[in-house]
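Encoded as structure tokens, the structure appears first; notes follow it.
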Amino acid sequence: MEHSNEFLKLVGEAMTNVREVTVAATLERIEKGAILIAVREDNEYEAGHAAGAEHMGRGIIERDIVQTIPDKGAELILYCGGGYRSALATDNLQKMGYTNVWSMAGGWKAWQESGAPVES
């Protein structure tokens, strides 16, 4: 998908506040208790997702995160299709007081390319 300049500018601004983590580091962090959250759309998630990932689509994560994961110090790793939507969501969760939230670099595409486990 080709993204508009306006969207890319918004993502670029968010990225100045967001920390990214690789797929390999994500897998290690999950083993130590990090929570992986897919912020992809429902139909994207249902078609396939990272094994063990919780699902909170980009349209609802800010609404539902506090009730779902009230511990604002919990390690959260967000991913989307390629890393843009997860960066936006990560930035917003930080603004909501979450202190240990990351965006997975490369998103679902990088996850699949790495051979990491998937579910459908």
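Quick notes
- In straight-distance terms, cross-link reach from LYS95 covers every one of the lysines whose alpha-carbon lies under 17 Å from its own, apart from those fewer than eight places away in the same chain; here that gives LYS72.
- Fraction of the pair-distance distribution of the range 13-120 above 19 Å, Cα-Cα pairs, percent: 34 percent
- With protein chains left intact and a 1.4 Å probe, residues in the chain average 53 Å² of accessible area per residue.
- Reducing the range 20-44 and the range 81-120 to their Cα centroids gives an inter-centroid distance of 6 Å.
- Portion, in percent, of the accessible area of the range 59-120 that falls on carbon or sulfur, probe 1.4 Å: 51 percent
- Alpha-carbon Rg with Dmax, taken over the range 1-74, Å: 14.1, 38
The values are calculated or read from the model by the stated rules, or taken from the named source; none is laboratory data. In this text, all values refer to a predicted model and were calculated from it rather than measured experimentally. The accessibility values were calculated without ligands, DNA or RNA, using every heavy atom of the protein model including side chains. Shrake-Rupley method; radii C 1.70, N 1.55, O 1.52, S 1.80 Å.
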